[in-house]
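Quick note: the coordinates plus some simple rules give every number you see, no bench work behind them. This one's a predicted model, so the numbers in the text were calculated from it and none came from an experiment. Cβ atoms come from the backbone with ideal geometry, glycine included; neighbour counts cover every protein chain shown.
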Amino acid sequence: MTTPRDPRYAGYRFPAEVIATAVWLYFRFPLSLRMVEEMLAARGIVVSHETVRQWGLKFGREIADRLRRRAPRRGDKWHLDEVVLTIAGKKQYLWRAVDRDGYVLDVLVQSRRDAKAAKRLLRKLLKKQGWAPRVIVTDKLKSYAAAKRAVIPGVEHRQHKGINNRAENSHQPTRRRERQMKRFKSPRQVQRFLSIHDPIANLFHLRRDHRSASDYRAARAQAFTTWAEVAGAPLVAA
């Protein structure tokens, strides 16, 4: 293995490929830090789970930021949903927005489930995306209608439990990670983790429907190429 001459990895004992692979494993799959440590050990790389955690915080954030800047413009149909998280014995609400293809647009952890919280989500989305959607789809929570009237009154709003499966299904990876981590420890931890996790998940969100096997493999190869460019190093082969 040879470490690319990337200043981000200067001064680190391990090659860039090892660091990039550890970050990819941790945020791409529902693995614990100790599982990542063991998977690297199987490749002959001896590193502690605490080191993997530190790499994830430092390099994961940088990689996620670069992926956001490279991401194409998403669909103009936004699906919004919220789910309850129990953190330190208290209820918190994870608000999430995805586009029509299931790409995560943004998430926001809040202690409230009212119109004020829904407005915060919409304003954050508008700021991040830089444009308003053609239509938003939500469940029948009245907070969405109140927030929509105040923030984006001209946008079409569809409220129906059965047509919002796109957003509801997008919570599943978070639920799997929540179980793996034996619950999140704080709202800040959830927000920080998902701000890294979701751009990486978007990169590898390769839908198989209406796509041949060869097209899927080509798209996957392109995702790995993009990862190597953004991370500054390819993944370590098994």
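Numbers below:
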read-out	value
Inter-probe distance in nm under a simple model that places probes 7 Å from Cα toward Cβ, at H210 and A228	3.1 nm
Rough spin-label spacing in nm, given labels placed 7 Å along Cα→Cβ, for H160 and S195	3.7 nm
Around E156: net Lys/Arg minus Asp/Glu count, Cβ-Cβ under 11 Å	+3
Burial ordering of S143, S111, S32, fewest other beta-carbon atoms within 10 Å first	S111, S32, S143
Above-threshold pairs, the threshold being 31 Å between Cα atoms, out of K90/K124; K91/K148; K58/K161; K127/K182	K58/K161; K127/K182
Low-density loop cleavage sites - chymotrypsin sites (Phe, Trp or Tyr not before Pro) in the range 47-131, where at most 14 other Cβ are within 10 Å (DSSP)	W131
Cα-based reach from K77 at 12 Å (exclusive), listing aspartates and glutamates while leaving out same-chain residues under 8 positions away	D99, D101, E156
Additional length obtainable on full extension of the chain from E38 to R123, 0.36 nm per residue less Cα span	26.4 nm
